[in-house]
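These notes concern the structure reproduced below.
The values are calculated or read from the model by the stated rules, or taken from the named source; none is laboratory data. Just so we're clear, the structure is a prediction, and the values are computed from it rather than from any experiment. Neighbour counts are summed over all protein chains in view; Cβ atoms, including those assigned to glycine, are modelled from backbone coordinates with ideal geometry. These accessible areas exclude ligands, DNA and RNA; they are computed on the full protein's heavy atoms, side chains included. Shrake-Rupley method; radii C 1.70, N 1.55, O 1.52, S 1.80 Å.
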Amino acid sequence: MAELIDRLSRLTRELQYVDGLNPAQWEALRFLSRANRYSRTPGAVAQFLGCTKGTISQTITALENKGLLERRPSNRDKRVCLIDLTEKGKALIARDPVRRIEQAVGAMDGPTGAAMVQGLSRLLAAVQADADAPLFGVCVACCRHLSPNEGCGKGEVGRCGVTGEALDSDDAARICVNYKNPE
């Protein structure tokens, strides 16, 4: 299994040397396209990708110089910069070369593809737990997500239990740096 995952990982990395980008730049773009407003910061990108802030800073600067990202100060904390994809960045991520993997899984029969996704999700969670790596997850599935009437993780759009801010359905469906697994 480990050899298959390693080989697939290498092939996936090779796919990402396109459109003038390298795999690290594609990974940052991919994360930023799926992240909620709390997670589109250099620190969150570094944490998600397991890189140093210096490495991510260089990656973000390169993507910004290519016109794919733009930085702006946070309304909540002026010391923090938020990163948004530009229209050019959104158009590029729509052609993400890793979608070939998704297409291959989608071409499998339903039970096989579903079993692969479920199994790999469990494997990732186990390896993350063993490595004490941060868990990133979708906001609405977070234990800290406060639904309007019920308090925690009931699948309704509500507000963030960390910031107290209201969440729209778009933010609630995105990856969050503040995610905590319901236990």
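A few comments on the model shown:
- Loop-located trypsin sites (Lys or Arg not before Pro) in the stretch 47-128, at most 15 other Cβ atoms within 10 Å (DSSP): Arg76, Lys78, Arg79, Arg95
- Length added when fully stretched, Leu11-Glu70, from 0.36 nm per residue minus Cα-Cα: 18.2 nm
- Taking the alpha carbon gyration tensor of the stretch 1-85, multiplying each eigenvalue by 5 and rooting it gives semi-axes of 26, 15, 10 Å, largest first.
- Qualifying chymotrypsin sites (Phe, Trp or Tyr not before Pro) in the stretch 14-113, DSSP loop, other Cβ atoms within 10 Å at most 14: Tyr17
- Surface accessible to a 1.4 Å probe, per residue, for the residues of the chain, Å²: 60
- A helix-only calculation puts the chain at -14500 deg cm²/dmol for mean residue ellipticity at 222 nm, using -39500 (n - 2.57) for each DSSP H run of at least four residues, averaged over all residues.
- Comparing Ile60, Thr41, His145 along the charge dipole axis of the stretch 39-183, the residue lying farthest to the positive side is Ile60, per the Cβ-charge model.
- A protection proxy built from the mean count of other Cβ atoms within 10 Å ranks the segments 158-165, 114-121, 3-10, 54-61, most packed first, as 54-61, 158-165, 114-121, 3-10.
- Of [x] 31; [y] 35; [z] 27, the label for percent of Cα pairs over 28 Å apart derived from the coordinates: [x]
- Springs between Cα atoms under 10 Å define the GNM used for the chain, and in it the highest mean-square fluctuation of Leu124, Leu63, Leu135 occurs at Leu124.
- Reachable lysines from Lys180, criterion Cα separation under 20 angstrom, eight or more residues apart if same chain: Lys154
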